[in-house]
Amino acid sequence: MTNILVVADIKQGELKGSTAELLSKARALGADTAVVAVGAQVKDLAPQLAAAGSDTQYIVEDASLEIFSARPFAAAVVKAANEFNADMVWFGFSETGKAAAPRVAVQLEAACATEIIDVTIDGDAVQIIRPAIANKVLQKVKVNAPKLVAVVRAGAFEADPDISGKENVVALDVPEADTGAKVQELISDASGEIDLTDADIVVSVGRGAKDQKGVDLVKALADDLAAGFGSSRAMVDAGLMAHNKQVGQTGKIVAPSLYIAVGISGAIQHLAGMNGSKVILAVNKDPEAPIFNVADFGIVGDLFDVVPLLKEEIKKIRA
Amino acid sequence: MKILTTVKKVVDVELNIHVENGAILDKGLQYVINAWDENAVEAAVQLKESHKADTTLVSLGSGDNTDIIRKCYAMGIDDAIQIDDPALANADSPTFARVLQKVYEAGDYDLVITGKQAQDTDAGQAGIMLAEFLNIPCVSNVIKIEVTDDSHIQVSRLGDAGTEILDVTLPAVITVSDGINEPRLPAMRGIMMAKKKKINVMDLAGLGTSFEDVGGTAPASEIVEFMPTEKRKGGQKFEGDPAEVTAKVVDLLVNEAKVL
């Protein structure tokens with residue numbers, strides 16, 4: 001039997017969808033499941049964590065864990081992994097996971113794999129599949145170490161709504177704060193906006209929007225759809241969009257039901273961040289733009305004409 | 001302040017990559033400096049300019065990395081070490097981190113700056129593992145570095161909840177995101193001077209270690225096969241009257257794709 005510990009993906013006190021997705025996959029593999037939740041207020045999430053498919057909930061709660069700090073976060077996960085005798089530790093795709101996973105792997109003497117999209121267990125043989133080179137190839141990787149720490153790519157696994165676990169809460173000791181890299185302050189992104197990585201629809205804006213007026217126009221479309229609002233790198237470099245809005249190889253990886261790329265040409269680095277989307281709609285005035293090679297639906301046209309029309313049509317169907 | 005930066009030579013992701021029989025075909029591949037490492041080099045050179053930091057570059061791998069090292073010299077790096085050993089051709093992240101540990105320990109560095117990930121593997125592990133092996137502080141995905149005093153820096157990191165500001169005690173490892181800077185284009189004078197500079201080339205034995213010693217012979221994981229990514233196909237593309245095609249596409253999203 002394999003023991004899989006899933007690290008709860010919690011943002012601004014809210015449990016994110018990836019936790020249930022990872023737990024569903026773990027159960028589908030026939031594993032025993034536990035989850036570890038780390039933060040300032042996570043105890044109350046225990047029923048949700050059980051419902052998401054975990055049979056044990058390790059809770060590491062303390063005011064000192066309000067702002068993410070990689071060292072204590074990793075220490076909490078290692079503690080839970082040891083308590084659970086975990087063969088695998090899975091993180092959802094997040095900056096938290098990317099920062100903590102290599103530390104946890106070193107401490108558990110485990111193999112470390114980031115951005116995985118599949119895991120197979122065949123007796124003692126464990127293999128994972130992950131994209132590389134900006135999603136241009138897939139690697140099949142054999143795990144030699146007895147343990148595996150993995151960060152699962154957004155959208156890789158689906159949550160099974162019929163799965164649920166049982167509540168068995170175990171409180172763990174709070175790790176010491178990191179005195180070497182001391183967290184001073186968090187300049188919060190919380191602005192009441194829809195979380196890009198968790199949104200069912202994402203609208204992203206690219207260079208075609210030209211300036212602030214163009215950005216505002218596309219943002220209004222995102223608002224009408226209650227969608228997450230993302231960006232190509234060009235708009236971040238131009239100072240028109242914040243770093244944390246960048247979708248791509250280096251930024252956020254998203255896999256919504258519908259991704260609407262507006263005025264985005266489709267550089268390979270951008271495609272690497274969104275080509276897991278179920279349906280892609282592209283709006284671009286250049287009929288040769290590479291984005292059309294991956295889009296299920298494409299509108300060749302000026303976004304300043306098309307976006308207001310899209311808003312109108314959507315208003316009609318939502319009425 | 002003594003800074004160590006790392007650079008890796010990687011496949012140019014802009015070009016087509018072909019996979020056959022489980023391996024990537026060499027044909028048509030071109031190699032470039034890893035983009036995030038270029039940000040790391042720029043960050044180091046900026047600290048050289050603002051705080052008289054000494055900058056050393058290390059490049060790991062198998063094969064000649066002279067071209068990318070010369071580029072970093074032209075950007076303003078002072079010294080360069082190239083660890084060139086055929087054993088490192090397919091080494092994994094922990095192995096690279098162990099080699100970096102040997103390089104770090106052979107010098108007397110205050111700060112290690114690496115790119116947040118390599119664009120060929122997209123693993124993002126080596127820098128963080130290096131800090132873990134050395135048991136020194138590490139902050140990843142950094143977009144700003146400011147020197148507080150000889151033994152402290154303040155960094156900004158892009159996290160899940162926003163921008164985190166951390167006070168870091170040196171020595172430390174920082175991995176940088178592309179948001180930190182815009183790497184400079186070397187000036188002609190720098191390019192000419194870079195041609196004359198010496199590169200300290202050594203293999204693992206020259207570094208006082210071996211492939212076995214850095215864990216390379218017993219990797220925690222290994223790639224058994226490459227496969228082509230299942231390519232998305234372009235679907236229906238509409239041109240013509242904007243009002244007509246927009247109405248048509250919204251209808252398809254609602255009734256065919258059922259995502260609206």
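Rule-based calculations on the coordinates, nothing more; no lab input. What you see is a predicted model; the values in this text were computed from it and never measured. Note: ideal-geometry Cβ built from the backbone for every residue, glycine included; neighbour counts use all protein chains shown.
Quick one: check the C-alpha center-to-center distance for region A:201-215 versus region A:245-269, whole angstrom.
Each part reduced to its Cα centre gives a spacing of 12 Å.
Using the charge dipole of the protein assembly as shown (Lys, Arg: +1 at Cβ; Asp, Glu: -1 at Cβ; taken about the Cα centre), state which of A:PHE91, B:ILE77, B:THR5 has its Cα farthest towards the positive end.
Checked the options; the winner is B:ILE77.
Amide H to amide H, which residues 5 or more places from B:ALA172 or on other chains are under 5 Å from it, using H placed in the peptide plane?
Residues meeting the criterion, in which the H sits 1.01 Å from N, are B:LEU111, B:VAL112.
How long, wide and thick is the protein assembly as shown, going by the Cα atoms along their three principal axes, in whole angstroms, largest first?
The Cα atoms of the protein assembly as shown stretch 71, 63, 51 Å along the principal axes, largest first.
Would you pull out the residues with amide H under 5 Å of B:SER140's amide H, same chain only if 5 or more places away, H placed 1.01 Å from N?
B:THR175
When only DSSP loop residues count, what GluC sites (Glu not before Pro) in region A:87-147 have their Cβ near at most 15 other Cβ atoms within 10 Å?
Those satisfying the criteria are A:GLU109.
Between B:GLN30 and A:GLU14, how many nm apart are label points set 7 Å from Cα along the C-beta direction?
So the label points at B:GLN30 and A:GLU14 sit 4.4 nm apart.
Would you work out the relative contact order for region A:196-318, in percent, from Cα pairs under 8 angstrom that are 6 or more residues apart?
Reported relative contact order: 25 percent.
Over all residues in B:192-199, what is the mean tally of Cβ atoms on other chains that come within 10 Å of each residue's Cβ?
Partner-chain Cβ atoms within 10 Å, mean over residues of B:192-199: 0.
Taking the Cα centre of the protein assembly as shown as the origin, how large is its charge dipole in debye, to the nearest 20, when only Lys and Arg (+1) and Asp and Glu (-1) carry charge on their Cβ atoms?
So the magnitude is around 1160 debye.
I'd like the distance between the alpha-carbon centres of region B:136-204 and region A:73-95, rounded to an integer number of Å.
29
Among DSSP bridges having both ends in the protein assembly as shown, what percentage is antiparallel? Round to the nearest 5.
Antiparallel bridges make up about 40 percent of those DSSP assigns within the protein assembly as shown.
Can you tell me the dipole magnitude for region B:1-93 around its Cα centre, using point charges on the Cβ only (Lys, Arg +1; Asp, Glu -1), in Debye to the nearest 20?
Computed charge dipole of region B:1-93: roughly 220 debye.
Work out from phi, with θ = phi - 60° and the Karplus expression 6.51 cos²θ - 1.76 cosθ + 1.60, the ³J(HN,Hα) of each residue of region B:176-190, listed in order in whole Hz, and give x for Gly and Pro.
Whole-Hz 3J(HN,Hα) from phi for region B:176-190: 10, 9, 5, x, 6, 6, 10, x, 6, 8, x, 7, 4, 4, x.
Could you name the lysines in cross-link range of B:LYS198, using Cα to Cα under 24 Å and dropping any fewer than eight places away on the same chain?
Answer for B:LYS198, where 24 Å is the Cα cut-off: B:LYS2, B:LYS8, B:LYS9, B:LYS48, B:LYS52, B:LYS71, B:LYS102, listed by chain and number.
Would you pull out the residues with amide H under 5 Å of A:ASP9's amide H, same chain only if 5 or more places away, H placed 1.01 Å from N?
Here A:LYS16, A:THR19 satisfy the definition.
If you take each beta carbon of peptide A:109-116 and count the beta carbons of other chains within 10 angstrom, what is the mean?
Rounded to a whole number, the mean comes out at 5.
Karplus couplings for region A:54-67 from phi (6.51 cos²θ - 1.76 cosθ + 1.60, θ = phi - 60°), rounded to Hz, Gly and Pro as x?
Residue by residue, region A:54-67 yields 9, 9, 9, 10, 8, 10, 10, 10, 6, 4, 5, 9, 4, 9 Hz.
For peptide B:237-243, how many partner chain Cβ atoms fall within 10 Å of a residue's Cβ, on average?
6
In whole Hz and in residue order, list the ³J(HN,Hα) couplings for region B:52-64 that follow from phi through the Karplus curve 6.51 cos²θ - 1.76 cosθ + 1.60, θ = phi - 60°; x for Gly and Pro.
6, 5, 8, 10, 10, 10, 10, 10, 10, x, 10, x, 6
So how do A:116-127, B:244-255 stack up, highest first, on mean other-Cβ count within 10 Å?
In decreasing order of mean packing, A:116-127, B:244-255 become B:244-255, A:116-127.
Summing +1 for each Lys or Arg and -1 for each Asp or Glu, what net charge is found among the other residues whose Cβ lies under 10 Å from the Cβ of B:ILE128?
+2
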